Amino acid sequence: MNDRPQEGTIHHVVKLPGNFVAGFAYPLRALGFLSRSRPLWSSVVMPIVINVVLGIGLYLGLLLPGWGAIDQWTAHLPSWLAERVATLPLWASRLLGWLPAVAGFLDEGLRGLLAIGLFILTGLLLVQFGAIFGAPWYGNLAEQVERTQLGKIPMRALTLQNASEDIGRAIGFQLKKLLLVIGLGLPLLLLNLLPLPVVGSAIASGLGVGLAALLVGLDFLDPSLERRRLGFRRKLGVLLRTVPASATFCLSCLWLVSIPLLNLVTVPLCIVAGTLFCCDRVLPDLDRAAQKD
């Protein structure tokens, strides 16, 4: 039986604008896909084992100490605010004199923002290291999903030259993501220096979530896009062209990988979700363009 979808179906999914809900649905679709594809489970079990080992290290080395640091830092917020307000000009001191009085509320708000940031950071690190150590299984998983959805995948000969090129491209991809983080992340850090610390932190946190979602989206779409040798800018372009579906997809995956313990099993799920997203909304157009060239 041919598992390849009808061309009319692919054309319909790709050409119609993605809606807000569509991106959120892909992790659920991936869960259903895996439940119906038992042969793929072997490509999921080993990455989960790797993620459990990595997760133990990240929780002990980052999450627990980071949580303690947040408690210690926010405990000094009332006195710190009072000192900052006292150093302001008289008119500003009168205008912001209410800040120390509501320090308890601000303390809880800032604690929540920092906790969310810590969870997201832990999830991002788990994705990055998990993708490196679980690359063979994730690559095989994405290939099988793509073959089931589209009927075929582009293949490259396994040679020493191709292997060296693949390693170089993988390193380049990670370096470009790092440059993206530095270029966009440093201005976000500067927002925390605004005179109103909670406001600055709130703005920085919101934009930081967007940046983290972008990085996660790149990681989970990468197996299918890299198989077609797309450059970094074209991969970014894929995400931009498929908004808003890509935006909600990235946010849903970021949420899944940021939940402690649950994120140990959701990374493979998001790889499948990203491959399904590409099969529906990206690859048919890319493959048709490649055939014309």
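The values are calculated or read from the model by the stated rules, or taken from the named source; none is laboratory data. As the structure is a computational prediction, the values presented were derived from the model and not from experiment. Counting neighbours? That spans all protein chains shown, and the Cβs are built from the backbone with ideal geometry, glycine included. For the accessible areas, the whole protein counts, side chains as well, though only heavy atoms, and no ligand, DNA or RNA atoms are used. Shrake-Rupley method; radii C 1.70, N 1.55, O 1.52, S 1.80 Å.
A few comments on the model shown:
- Filter result (open to solvent by 40 Å² or more (accessible area, probe 1.4 Å) and either part of a helix (DSSP H, G or I) or farther than 24 Å from LEU125 by Cα (or both)) within the stretch 248-280: LEU251, TRP255, VAL265
- Helices (runs of 4 or more DSSP H) contained entirely in the stretch 13-129, each with at least 3 residues that are open to solvent by 20 Å² or more (accessible area, probe 1.4 Å) and either in contact with a His (Cβ under 6 Å, 6 or more places away or on another chain) or at pLDDT below 70 (or both): 64-75, 77-87, 90-95
- Scan of the stretch 199-210 for residues that are at pLDDT 85 or above and either crowded, with 17+ Cβ neighbours inside 10 Å or more than 14 Å from ALA247 (Cα to Cα) (or both), ordered by number: VAL209
- Residue under evaluation LEU196, criteria (1) of a type in the set (A, V, I, L, M); (2) modelled with pLDDT of 85 or more; (3) more than 20 Å from VAL145 (Cα to Cα), criterion not met: (2)
- Among the conditions (1) open to solvent by 70 Å² or more (accessible area, probe 1.4 Å); (2) farther than 30 Å from ARG36 by Cα; (3) modelled with pLDDT of 85 or more, the only one that ILE167 does not satisfy is (3).
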